[in-house]
1. How far is the Cα center of the range 20-55 from the Cα center of the range 298-360, in Å?
2. Please give the length that would be gained between Ile355 and Val250 if that part of the chain were fully extended, namely 0.36 nm times their separation in residues minus their C-alpha to C-alpha distance (nm, one decimal).
3. So with the 1.4 Å probe, I'd like the accessible area per residue for the chain, rounded to whole Å².
4. Counting only the heavy atoms of the protein chains, how much of Asp190 is accessible to a 1.4 Å probe, in Å² to the nearest 10?
5. Would you list, by chain and number, the lysines whose Cα falls below 20 Å from the Cα of Lys198, excluding same-chain residues fewer than 8 positions away?
6. So for the range 125-175, what percent of the C-alpha to C-alpha distances run longer than 17 Å?
7. Check Gly67: other-chain or 5+ apart residues with amide H under 5 Å from its amide H, H built from backbone geometry?
8. For the range 263-360, what % of the accessible area comes from carbon and sulfur atoms, probe 1.4 Å?
Amino acid sequence: MGILTGIIAFIILLPIIVFVHEYGHFLFARINGVCVESFSIGFGPSLFEWKDKHNTVWKISAIPLGGYVKMLGQSDTPESAKEKAEKAKKLTAKEKAESFQFKKVYQKASIVFAGPFFNFVFGFLLFFSLFFFKGIPNTTSIVMDVVKDSPAYSSGIKTGDIFVSINGTLVENPRSIGKIIKSSNGKKLDIVVNRSGKNIDISVIPEQKNDSYFLGVSYASKFENYKKIGFVKSIQESYSSIKNIVVDTVKSLGEILIGSRSSKELGGMISIAKVSGEALSSGFYSFLYLMSFISVSLGLFNLFPIPVLDGGYLFMYMIEGIIRREIPEKIKEIIFSIGFMFIIFLLLLSNFNDILRIVK
């Protein structure tokens, strides 16, 4: 039942977030006069499709792991100047006017930026709706996963435990756990967790990695007892939630890159499906909160200056805007190859971590 719930939740959640992202690209392409040839939710063979009055083919495809907007004159791979020139010769004046290729740098940048921007806007609107109509929840911190052979694993902390207090300080939310661990300076922590309604005392000494300390657990919020807040407060809390996601994500990735946190903490599609199922089982509020979180996270990830991601394109458009000419195609080809290999490595690593967790 848990696996089925996870699959259902994943199939509901991901296409919605992908649609929001791709619709941002689509809308700004239209605003800038670019012809959108196709809009697909999912990859692979088309399950069904229809064409609108602007000749855009809208598709629902077989593999629901992403989506894309295909624009006239857009190429996903670098092309030589000769190839571009040959293609340009075959275009009519109308096609040139509607081609992504012939738009100004700032127009291309606005189209590319719109995808991540819409994810942020969508996340903000969801947070605001939840806070304004339902209220701010009293959050508890539940253990989602325990890294094998970590201090938490050795001390007996288990998946499903709820943090009650650390060294006598009540745990208000997941952010407070990190702060307490960081300020411990490697000294023993007296932790109280609630397991199946019973409080259990656990002592654990954080492990030091470079200049940081870690327990070896991942944790998430569990919501209960909502408190109504007003319009302005809802806006402030929505902004604060997005800010916290951005800061925590950048910080965590930075710590993984410098080695102070384990890359084993990275999760892939299986982790998303698992967390989605747990959120759906916990209630509609938890599921929408997770949707907000993932939407903002997807927008942020796409803004990283990695070739093949939106942020990589934006970085190159910025360079082209400064030097007032296109980056040579040979250089683009090298950059895109490196970026593509990095993304493949990241996908393999995150999903390999998921498989290891299942095996263990």
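The values are calculated or read from the model by the stated rules, or taken from the named source; none is laboratory data. Treat the numbers as computed from the prediction; the structure is a model and nothing was measured. Methodologically, a virtual Cβ is constructed for each residue, glycine included, from the backbone with ideal geometry; neighbour enumeration extends over all protein chains shown. Surface areas here come from the heavy atoms of the whole protein model, side chains and all, with no ligands, DNA or RNA. Shrake-Rupley method; radii C 1.70, N 1.55, O 1.52, S 1.80 Å.
1. Rounded to whole Å, the Cα centres lie 22 Å apart.
2. 35.3 nm
3. With the other protein chains kept in place, the chain gives 55 Å² per residue.
4. Asp190 has an accessible surface of roughly 70 Å² with all protein chains in place.
5. Within the straight-line limit of under 20 Å, Lys198 reaches these lysines: Lys158, Lys222.
6. For the range 125-175, the share of Cα pairs beyond 17 Å comes to 53 percent.
7. The list, which skips near neighbours in sequence, is Gly42.
8. Reported share for carbon and sulfur atoms: 75 percent.
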